[in-house]
Each structure stands twice: as structure tokens, then as C-alpha cells.
């Protein structure tokens, strides 16, 4: 047995700041990222917990301009469709939002869940199969925090057609798209979500999400 590290109050305070300053970045510098740095972020992401130790996360570095163009086209179409769901001032505000960093982010990473992975031997997911996807989300959050720790920003693009993007990336049929991430150095830093700053949706008090039974 090895000795466990001691996380003192200084570390706790710094970790809290990391959580506060983790942002969903949309505005990126075009400066390239070091390949080794991105690889290390993925290695840290893979330290996430996973159901049955199945490690179902799969990372696809999307470098092909043609494949990126498919993703960009999918976003444009889906974003236009989403705009039609709103009316009045809410529609006007939606149209002004910057909802992706696809054009400027130097790194694009599609994160998939291999829903047929033999790893883990099915432990823990017979009754809640979705825990495989949740495991991938945990890995993404690791990636996000690790990136912020070294000054790299991450933006999660969800306004895309997952089927179209999956086909464009030509991955195995058992892989399910969980996230499409834009990664790069942010143009600006904030400790508040952009959607809160622009008046789309404010944060609620944590107490409003807690029930006692």
C-alpha cells in the first residue's frame, strides 16, 4: 500500500478556483497547440472513473479539412433549425449568441462511447446501460479541467447532427457520439458562463437543486 497524498487547504482553494474558472469556450485564438500537450490531456481524461472499469471513451482527433467542413455544415443547419424554436426577444438573443468555436479552434476532438466494448465484462451496466455514456462524460470533464489548468480552453459543440458527424468520421458502428470538442487557447478569460453574462440563463442557487426525502 502506498501513502495517499495530502490535499491541504491551499490545494483545496486552488481546486475551487479551477472549477469556478472552467468555462465553455467559444472564442479561440488560432495559435496551434503542442501535440504532446493534447496527448497528455487525453491521458488525464482516461483517469476518469468508468462503470466496471470498462473505459469506453474513444477520442478522434479531427484534422481533415473535409471532415471538419461536414461538421461545420451540420452545425449551420442545426443552428438555423434551433433558431426557429424561439420567438421575439428570445429569438433575437439566440441569433446573437456565438455557439461554436469551429472556425478558429486549432484542435477538434470527437469523443465517442464504445457501447459494445468487451472491457469490464458488462459489470454494472446491465440495469443502467447508460452508465457507459456517463463514464465518457466523466472523462470529458477530466479533460476540461486539465485543459483549463494549463490555460487551454474547451468548447462543447452540441448543435450538430450526431449521425451525420459519426458517418463523416467513419468510426466503428458500435461507437456513439457523446461530444464534439473545440480545443485551443481562449481569446478571453471569465469566471462567469457566457450565457449568464449575455442574459440567456442565470445560474440558480445550488439549494434549489437539493431535495430531502
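The values are calculated or read from the model by the stated rules, or taken from the named source; none is laboratory data. All of these numbers come straight from a predicted model, not from anything done at the bench. Counting neighbours? That spans all protein chains shown, and the Cβs are built from the backbone with ideal geometry, glycine included.
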Within segment 52-93, which residues are more than 22 Å from residue 166 (Cβ to Cβ) and touching a residue at least 60 places away in the same chain (Cβ under 8 Å)?
-> 52, 53, 93
Being more than 25 Å from residue 189 (Cα to Cα) and buried (at least 18 other Cβ atoms within 10 Å of the Cβ) narrows it down to one of 38, 71, 107, 25, so name that one.
-> 71
Just one listed residue, out of 178, 157, is surrounded by 20 or more Cβ atoms within 10 Å (Cβ to Cβ) and in contact with a helix residue (DSSP H, G or I) (Cβ under 6 Å, 6 or more places away or on another chain), and it is 178
Pairs returned, first residue in segment 116-127 that is exposed (fewer than 13 other Cβ atoms within 10 Å of the Cβ), second residue that is part of a loop (DSSP other than H, G, I, E, B) and at pLDDT 95 or above, beta-carbon separation under 8 angstrom, 6 or more apart or interchain, are 116/174; 123/54
Pick from segment 40-62, criterion in a helix (DSSP H, G or I) and under 16 Å from the mean Cα position of the chain (by Cα), ranking: nearest to residue 147 (Cα to Cα) = 41
Scan segment 150-192 residue by residue and report those that are touching a strand residue (DSSP E or B) at 6+ places or on another chain (Cβ under 7 Å) and not in a strand (DSSP E or B).
-> 152, 160, 162, 165, 166, 169, 171, 174, 185, 187
Which residue, of 11, 75, is out of contact with any helix residue (DSSP H, G or I) (no Cβ under 8 Å at 6 or more places or on another chain) and closer than 26 Å to residue 195 by Cβ?
-> 75
